[in-house]
């Protein structure tokens, strides 16, 4: 009981949760890159970590005493359930496209591209809620796009990295998912909510892959699980662990702390990932440019999110 109480108190500290979010996000970016490089199909990895992750988080769902999501008394609450399913559809588009992006670009590049999510959230909030964008936010948006241009433009060949466009579409879908999904998990069994979210996203990606390729479902599943073998099992396991516990730590942080400050702190992982990917994954080409872009992007996020 004492150990459970100490653990609960630690998890109620947004600073501890932010630190855990940083560690798990770094682990996810690095392990996911390794996983994708070892897989034949870029659709396999996003599906498999969505299927394996829930197994790793499910014990926490049984421990939690909070009520189940989408249940009101003995009846289903259909409105939040439909919103949940819709958000999962957008998340599935994001994860599927990101699988292609992260398989073909360095960790640092995908990290800087991912910073654009905050830009799309600001723009969406402005359009939907008629909020005004402050001058500092406009400057932040400009810095994020300068960082993106700097990292995806080849100054020697004068060409843009074609995977940037795919990443942008993925991040727009993710921003739409967040707008639909906002506050759906509040006050409910968070681990269980994340488990069903991951499983639903996996189902949607499987359906998308089957329909777009015009394959029988059995053939789709055979191709997916062909990428789960001795060579890829550990990377898949690590990716699933870091992914689902990052999601848990992040949403817990938002429940207990300063969302703006926590988001800014967590966004700084793009700098750490740039350095660590150079060390462990040998992604050292144009390292100075990558670090400069990462720092510039994080400064942009600070201006977008923090009220200075």
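Data for the structure
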| item | result |
| --- | --- |
| Added length on full extension, which subtracts the Cα-Cα distance from 0.36 nm per residue, residue 233 to residue 128 | 33.5 nm |
| Part-to-part distance (alpha-carbon centres) for the stretch 18-82 and the stretch 256-308, which is given in Å | 23 Å |
| q = 0.17, 0.32 Å⁻¹, the stretch 78-119: log10 I(q)/I(0) [Debye, one scatterer per Cα] | -0.57, -1.03 |
| 10 Å-binned pair-distance histogram of the stretch 97-184 (Cα, whole percent) | 16, 44, 30, 9, 1 |
| Theoretical FRET efficiency, 1/(1+(r/R0)^6), r = Cβ-Cβ of residue 213 and residue 169, R0 25 Å, to 0.05 | 0.85 |
| Mean ellipticity per residue at 222 nm, deg cm²/dmol - from DSSP H runs of n ≥ 4 across the chain, formula -39500 (n - 2.57) | -26000 deg cm²/dmol |
| For the stretch 246-308, the Rg and Dmax computed from alpha carbons only, in angstrom | 13.7, 40 |
| Bins of 5 Å from zero: percent of alpha-carbon pairs in the stretch 95-143 | 5, 18, 22, 18, 14, 13, 9, 2 |
| Viscosity 1.567 mPa s, 4 °C: Kirkwood-radius Stokes-Einstein D of the stretch 134-186 over Cα pairs, µm²/s | 97 µm²/s |
| FRET E, pair residue 288, residue 15, Förster distance 41 Å, beta-carbon r, rounded to 0.05 | 0.80 |
| For the stretch 216-275, the spread of Cα positions along each principal axis, largest first, Å | 46, 28, 17 |
| Ranking of 77, 307 by count of other Cβ atoms within 10 Å, fewest first | 307, 77 |
| Stokes-Einstein D in µm²/s, Kirkwood radius over Cα pairs - the stretch 29-129 at 20 °C with 1.002 mPa s viscosity | 130 µm²/s |
| Residue order, fewest to most surrounding Cβ atoms within 10 angstrom, among 224, 234 | 234, 224 |
| Extension gain (nm, one decimal) between residue 160 and residue 64, 0.36 nm per residue minus Cα-Cα | 29.8 nm |
| Cα centroid separation, the stretch 134-196 to the stretch 210-254 (Å) | 21 Å |
| Mean separation of Cα contacts under 8 Å (6+ apart) over length of the chain, as relative contact order % | 40 percent |
| Residue exposure sequence - 78, 215 - by fewest surrounding Cβ within 10 Å | 78, 215 |
| From the C-alpha gyration tensor of the stretch 142-274, square roots of 5λ in Å | 27, 26, 16 |
| Computed Kirkwood radius, in angstrom, where 1/r is averaged over Cα pairs of the stretch 30-83 | 14.2 Å |
| Taking the convex hull of Cα positions in the chain, its mean projected area over all directions (nm²) | 18.0 nm² |
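Each value in this text was obtained by applying a stated rule to the coordinates, not by laboratory testing. This one's a predicted model, so the numbers in the text were calculated from it and none came from an experiment. Because the Cβ atoms are built from the backbone with ideal geometry, glycine has one as well, and the counts that use them run over all protein chains shown.
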